Amino acid sequence: MIAPFYQALLHNFVAILLAMLVLWRIAVAIKDVSFIDAVWAYGMVFLVALTAFLLLGQPKGPLGWALFGLTTLWGLRLGTHLLIRWQRLGRDPRYDKILSSVMAKKQWSFSKAALLQVFLLQGPLVWLVSLPAQAGLLTDPGTGLTPLAWAGIALALFGIAFETIGDAQLEAFRKDESRRGQVLDTGLWRYTRHPNYFGDAATWWGIWAVAVAAGAPLWVTLGPIFLTYTLTKWSGAPMLEKSLKKSRPGYVEYVERTSGFFPLPPKKR
């Protein structure tokens with residue numbers, strides 16, 4: 001018999017897969033999967049809200065409310081930012097390239113490629129990354145905030161602020177016609193090539209600390225470890241920088257002087 005803790009996590013896993021199937025049908029109807037980036041953030045809010053209010057009734061105490069609040073603040077801010085960007089810019093060429101390649105190699109339809117390469121892949125990953133928040137809510141003893149929890153809250157809020165400022169600076173840069181075709185190397189982008197990715201990682205390591213303080217098992221550390229790996233080594237920075245090095249004059253020099261992840265002073269040439 002499955003313990004209630006694992007039964008709840010399994011419930012959430014099935015729920016996110018069902019949600020992804022609904023969104024997949026929408027993507028097939030409009031022939032575009034680009035909104036999946038916004039779904040990544042909104043999906044974590046969905047799982048935490050599901051845990052907090054459907055499975056538990058409400059968070060048990062300050063630790064649970066902190067987990068719910070931090071995840072919701074991060075997810076709604078980022079998801080809305082990405083949704084607005086998608087509505088403004090339209091189809092994301094990254095996904096067009098991925099799906100076109102798969103469709104050509106495996107003779108798949110758009111519908112099949114979107115399902116297997118995007119939605120059924122993203123669902124489990126959303127569940128994995130948000131494991132600390134889900135688990136922390138389920139194990140929360142209802143007691144007060146500990147020093148570890150306060151440290152986690154501070155780190156998560158720092159990450160959210162860092163990412164928000166970085167995104168705002170990038171949006172202002174893109175709207176500046178005088179800098180079209182140039183490299184953004186001012187503000188936070190002077191100290192790290194990816195303020196948004198660093199902010200994401202800081203946020204989820206902070207949420208992880210709150211979850212551990214709430215009694216979550218240490219194996220949920222897989223969530224922030226995977227997120228940090230994918231942002232720095234897999235589908236985040238590597239894919240983006242490969243494209244920018246080809247399309248943006250001066251980006252190679254920017255890479256040589258600017259930290260790839262942790263904010264650091266620019267290197268002197």
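The values are calculated or read from the model by the stated rules, or taken from the named source; none is laboratory data. Just so we're clear, the structure is a prediction, and the values are computed from it rather than from any experiment. Heads up, the Cβs are rebuilt from the backbone with ideal geometry, glycines too, and the neighbour counts pull from every protein chain shown.
The set of residues in segment 171-188 that are surrounded by fewer than 20 Cβ atoms within 10 Å (Cβ to Cβ) and either under 18 Å from the mean Cα position of the chain (by Cα) or not in a loop (DSSP other than H, G, I, E, B) (or both) comprises 171, 172, 173, 174, 175, 177, 178, 179, 187. Restricting 17, 56 to those that are on the phi < 0 side of the Ramachandran plot and touching an Asp or Glu at 6+ places or on another chain (Cβ under 9 Å) reduces the list to 56.
When residue 215 is tested against the conditions (1) closer than 13 Å to residue 132 by Cα; (2) assigned to a helix (DSSP H, G or I); (3) not polar (S, T, N, Q), the lone failure is (2).
Of the helices (runs of 4 or more DSSP H) lying entirely inside segment 91-161, those carrying at least 2 residues that are in contact with a Leu (Cβ under 6 Å, 6 or more places away or on another chain) are 120-129, 131-139.
Here is the figure for segment 21-59: residues that are under 21 Å from residue 11 (Cβ atoms), of a type in the set (S, T, N, Q) and in a loop (DSSP other than H, G, I, E, B) total 1.
So is residue 201 more than 19 Å from the chain's Cα centre (by Cα) and either at pLDDT 95 or above or part of a helix (DSSP H, G or I) (or both) or not? No, not satisfied. The conditions are (1) on the phi < 0 side of the Ramachandran plot; (2) surrounded by fewer than 16 Cβ atoms within 10 Å (Cβ to Cβ); (3) not basic (Lys, Arg), and residue 142 fails exactly one of them. Which is it? Here residue 142 clears every test but (1).
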